[in-house]
Amino acid sequence: NGALLGDLETGEILYEYNINQQLAIASISKLMTYTLMMDKVAAGEISLDDDVVISGHAAATEGSKFGLLSGETIKLKTLVDAMLIVSGNDAATAIAEYVGGSHDNFVKMMNAKASELGLLSASFINPHGLPINDEDTGQNHMSVSDLFKLTRHILTTYAEILEITKEPELTITERNFSRPATNPILGIVEGADGLKTGYTDKAGICLVSTMPVEGKSQDFRIIAIILGAQTHEERLNKTVELLEYGKENFVRLKLTDVSESLDKVYISNSKAGKVEVYPVQDFNKVIKNEDVVTTKIRYNESVQAPFEKGEKIGTISIFVNGEEIGQV
């Protein structure tokens with residue numbers, strides 16, 4: 001099993017346990033299925049309003065089901081809701097066939113996308129994560145650290161996923177379908193709005209969760225990952241613990257801001273005399289509440305006119321608790 005708490009924007013890891021071992025990820029695989037589908041939507045090749053004809057193969061998918069019937073037609077958006085909110089394996093297969101042309105081709109796309117995103121530990125055999133057998137070869141795999149990378153990619157590129165994953169239930173009256181979301185954290189931790197559950201015997205009980213932390217200096221968003229919990233209670237308790245730990249103990253600081261002058265520099269051979277200097281980039285950092293941040297500016301030995309806007313005249317070093325963490 002493994003666990004991680006991290007910051008979405010900076011990618012900083014705030015807590016980690018066994019994050020590099022390749023583990024079975026069960027239904028968390030559906031995050032990759034969603035990513036590939038949204039890539040096609042973003043490229044204008046398909047639309048969430050498209051009608052998808054359900055194959056016999058999709059309807060027969062085992063495990064957690066939405067209840068698709070062979071030959072029926074369903075909107076792609078409904079399939080996505082069913083895949084993400086109630087973890088429908090049949091919906092995931094239908095999406096995979098629609099996006100990839102066939103199940104096998106879609107699996108190739110999943111592995112290719114994993115390589116493109118640098119998820120070196122990832123290996124996929126299907127779009128939903130249901131194991132084919134109990135051997136390692138019969139599972140979808142990824143390490144916790146790669147899962148964190150994938151989650152950051154999705155939340156940065158397709159943040160609208162949260163509009164779906166924050167829903168506490170999926171109700172579709174014309175199908176006589178109503179079921180609570182599989183995500184146990186919704187409504188338990190205030191503000192939690194995603195993201196995906198998973199469970200198989202091999203993978204254990206898993207959850208990728210996320211929430212915004214607001215009103216402390218700068219707002220930020222944390223991501224918590226628990227893989228391989230033994231009971232539903234353990235998964236919930238550990239997730240609550242991680243999210244609360246992130247919310248209570250960290251702040252996000254904007255340490256340099258491109259629009260704010262850092263200093264005025266006296267230029268001996270200029271008419272202006274003093275010139276304002278600015279950082280070339282924003283530098284944000286999530287730190288513990290009690291951490292002490294200091295900065296130190298060093299200028300080039302001779303700063304003389306003429307120089308152009310954008311020319312480098314020095315460096316600002318940023319220290320946390322006396323240790324240098326970056327330069328701008």
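The order of the peptides 244-256, 162-174 by mean Cβ neighbours within 10 Å, most packed first, is 244-256, 162-174. Fully extending the segment from residue 39 to residue 136, taken as 0.36 nm per residue of separation minus the present Cα-Cα distance, adds 32.0 nm.
If the cut-off is a Cα-Cα distance under 30 Å, which lysines reach residue 296, setting aside same-chain residues fewer than 8 apart in sequence? Those lysines meeting the cut-off are 216, 247, 254, 264, 271, 274, 285, 288, 309, 312. Electrostatic bookkeeping for residue 177 treats Lys and Arg as +1 and Asp and Glu as -1; over the other residues with beta carbon under 15 Å from its beta carbon, the sum is -1. Packing, taken as the mean count of other beta carbons within 10 Å per residue, orders the peptides 181-187, 310-316 from highest to lowest as 181-187, 310-316. Amide H to amide H, with H built 1.01 Å from N, residue 263 comes under 5 Å of 277, counting only residues 5 or more places away or on other chains.
Across the stretch 6-138, Cα pairs under 8 Å and at least six residues apart give a relative contact order of 26 percent. Across all Cα pairs in the stretch 173-328, the calculated P(r) in 10 Å bins from zero up to the longest distance comes to 9, 26, 21, 17, 13, 9, 4, 1 percent per bin. On the protein heavy atoms, probe 1.4 angstrom, tell me the percent of accessible surface of the stretch 1-91 carried by carbon and sulfur. Accessible surface attributable to carbon and sulfur in the stretch 1-91 totals 49 percent. Entry note, the stretch 173-234: relative contact order of 24 percent, from Cα contacts under 8 Å with a spacing of 6+ residues.
Take the alpha-carbon centre of the stretch 202-259, take the same for the stretch 17-54, and report the distance between them in whole Å. The stretch 202-259 and the stretch 17-54 have Cα centres separated by 22 Å. Rounded to the nearest percent, how much of the accessible area of the stretch 242-328 (1.4 Å probe, protein heavy atoms only) is carbon and sulfur? Its accessible area is 46 percent carbon and sulfur atoms. Summed over all non-identical Cα pairs, the Kirkwood treatment of the chain gives a radius of 21.9 Å. Would you please classify the overall shape of the stretch 29-83 from the alpha carbon gyration tensor, given that a ≥ b ≥ c denote the square roots of the eigenvalues, rounded means a/c under 1.5, and beyond that prolate means a/b larger than b/c while oblate covers the rest? In terms of gyration-tensor shape, oblate. In the elastic network of the chain, a GNM with C-alpha springs shorter than 10 Å, the most mobile of 22, 139, 218 is 218.
For the stretch 316-328, 3J(HN,Hα) computed residue by residue from phi via the Karplus equation (6.51, -1.76, 1.60; θ = phi - 60°) reads 9, 9, 10, 10, 10, 6, x, 9, 5, 10, x, 9, 10 Hz, glycine and proline entered as x.
Give me D for the stretch 62-172 in µm² s⁻¹, whole number, from Stokes-Einstein with Rh from the Kirkwood sum over alpha-carbon pairs, 4 °C and 1.567 mPa s. The estimated diffusion coefficient comes to 86 µm²/s. Over the residues of the chain, the helix contribution to mean residue ellipticity at 222 nm works out to -8500 deg cm²/dmol, using -39500 (n - 2.57) for each DSSP H run of at least 4.
Protein-only accessible surface at a 1.4 angstrom probe places the residues 308, 97 in the order 308, 97, largest first.
Solvent exposure of the stretch 221-328 amounts to 62 Å² per residue of accessible area, where only protein heavy atoms count and the probe is 1.4 Å.
Can you list the lysines whose alpha carbon is less than 22 Å from that of residue 65, not counting same-chain residues fewer than 8 positions off? The qualifying lysines are 30, 75, 77, 166, 196, 202.
In this simple spin-label model, placing a label point 7 Å from the Cα along the Cα-to-Cβ direction at both residue 13 and residue 112 gives a separation of 3.0 nm. Is the shape of the stretch 169-249 best called rounded, prolate or oblate, per the rule: a/c under 1.5 gives rounded, else a/b larger than b/c gives prolate, else oblate, with a ≥ b ≥ c the square roots of the Cα gyration tensor eigenvalues? Oblate shape, in that a/c is at least 1.5 and b/c is the bigger or equal ratio.
In the chain, Cα pairs under 8 Å separated by at least six residues give a relative contact order of 16 percent. Of the two radii for the stretch 1-140, the radius of gyration is 0.99 times the Kirkwood radius, both from the alpha carbons; that is the Rg over Rh value.
The values are calculated or read from the model by the stated rules, or taken from the named source; none is laboratory data. All figures in this text were calculated on a predicted structure; none of them were measured in a lab. Using ideal geometry, Cβ is built from the backbone for each residue, glycine included, and neighbour counts are taken over all protein chains shown. When the accessible area is computed, the model is the full protein with side chains, heavy atoms only, and any ligands, DNA or RNA have been set aside. Shrake-Rupley method; radii C 1.70, N 1.55, O 1.52, S 1.80 Å.
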